[in-house]
Amino acid sequence: MSARLLIIDDDSALLNYYTDALSAFNVQIDCVQNGYAALRQIGAQHYDLVLLDMVMPKMSGLEMLRAISQMPQMDLPLTVVISSLNQKELVMQALMYGASAYLFKPIDAGELKDLVEQYIGVLKEKTKGKPSEEAQASEPTDPERDAAQREVFSLENQQRKKSQYESLSQAMASMVFQKITGTLCVETQLGVGKLSYMRGKLKKVELLGQSGIEALETLKKLPALSITLEP
């Protein structure tokens, strides 16, 4: 099945711009123009990806993220927030509420497509080899088999802590998608940046005396020599 994307923006022209930019992907796209409509859509329909404008009437993007974070029965999809350069602290708050990435206006179509392509890769990797719900329901339970699966899962978790990621965007998406608690260590020529997560939500970013969104902006501009996950 193709991934499903929800675009949330009150500007019709931008909705068309984003839709056209992503039309080449095998992605089902829905659009809404305010946060209340977005909450209803996410509650009624599964989405893999969300593109969210931070400034909208009725309910801002941050208010929408806050509302979802307070609803334990609702999981936030991989969410890219879109904001202006003078709202960097707002973007940092969005990441702390569970957003997985951000883009500043004016949006470059190539950068947007690259990010979505990486996210589709993360989704495919996570679901690869995963049995369907129907198959799981039809299989008889086997205590020995279940114990073996738990052992394998534990080993995979240990290995994942030592794994490396191809890009910072992919690493951040994986942290959010899998609700991981740990620290991403990003080695650069200037030093090591650290992104601390708690159950998939970004709590702190540090690099060379910088912190928050300024540290993250510097990390995005520097080539990553390696990206590893520490507990």
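Quick look at the numbers
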{"item": "Given (1) within 19 Å of residue 75 (Cα to Cα); (2) modelled with pLDDT of 90 or more; (3) out of contact with any strand residue (DSSP E or B) (no Cβ under 6 Å at 6 or more places or on another chain), index of the condition residue 191 fails", "result": "(1)"}
{"item": "Number of positions in the range 184-231 that are outside any strand (DSSP E or B) and free of Cβ contacts under 8 Å to residues at least 24 places away in the same chain", "result": "6"}
{"item": "Residues that are touching a Gly at 6+ places or on another chain (Cβ under 8 Å), surrounded by 18 or more Cβ atoms within 10 Å (Cβ to Cβ) and under 15 Å from residue 96 (Cα atoms), drawn from the range 53-64", "result": "54, 61, 64"}
{"item": "Filter pass, residue 171 being out of contact with any Pro (no Cβ under 8 Å at 6 or more places or on another chain), crowded, with 18+ Cβ neighbours inside 10 Å, closer than 23 Å to residue 77 by Cα and of a type in the set (Gly, Ala, Ser)", "result": "yes"}
{"item": "Filter result for the condition that a residue is within 15 Å of the chain's Cα centre (by Cα) and at pLDDT 90 or above, over 186, 176", "result": "176"}
{"item": "Checking residue 43 against (1) of a type in the set (Gly, Ala, Ser); (2) within 23 Å of residue 205 (Cβ to Cβ); (3) out of contact with any helix residue (DSSP H, G or I) (no Cβ under 7 Å at 6 or more places or on another chain), the condition it does not meet", "result": "(2)"}
{"item": "Single match in 101, 67 (criterion: within 27 Å of residue 197 (Cβ to Cβ), among the small types (Gly, Ala, Ser) and crowded, with 19+ Cβ neighbours inside 10 Å)", "result": "101"}
{"item": "Residue list for the range 1-14, filter: more than 17 Å from the chain's Cα centre (by Cα), of a type outside the set (S, T, N, Q) and either surrounded by 14 or more Cβ atoms within 10 Å (Cβ to Cβ) or modelled with pLDDT under 90 (or both)", "result": "1, 9, 10, 14"}
{"item": "Residue count, the range 15-50 (criterion: touching a residue at least 60 places away in the same chain (Cβ under 8 Å) and either assigned to a strand (DSSP E or B) or buried (at least 19 other Cβ atoms within 10 Å of the Cβ) (or both))", "result": "5"}
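Every residue, every condition in (1) touching a residue at least 12 places away in the same chain (Cβ under 8 Å); (2) not in a loop (DSSP other than H, G, I, E, B); (3) not polar (S, T, N, Q), yes or no:
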| residue | (1), (2), (3) |
| --- | --- |
| 75 | no, no, yes |
| 79 | yes, yes, no |
| 82 | yes, yes, yes |
| 94 | yes, yes, yes |
| 103 | yes, yes, yes |
| 106 | no, no, yes |
| 117 | yes, yes, yes |
| 121 | yes, yes, yes |
| 125 | no, yes, yes |
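The values are calculated or read from the model by the stated rules, or taken from the named source; none is laboratory data. In this text the structure is predicted, and so the values were computed from the model without any measurement. Please note: Cβ atoms are built from the backbone with ideal geometry, for glycine as well, and neighbour counts cover all protein chains shown.
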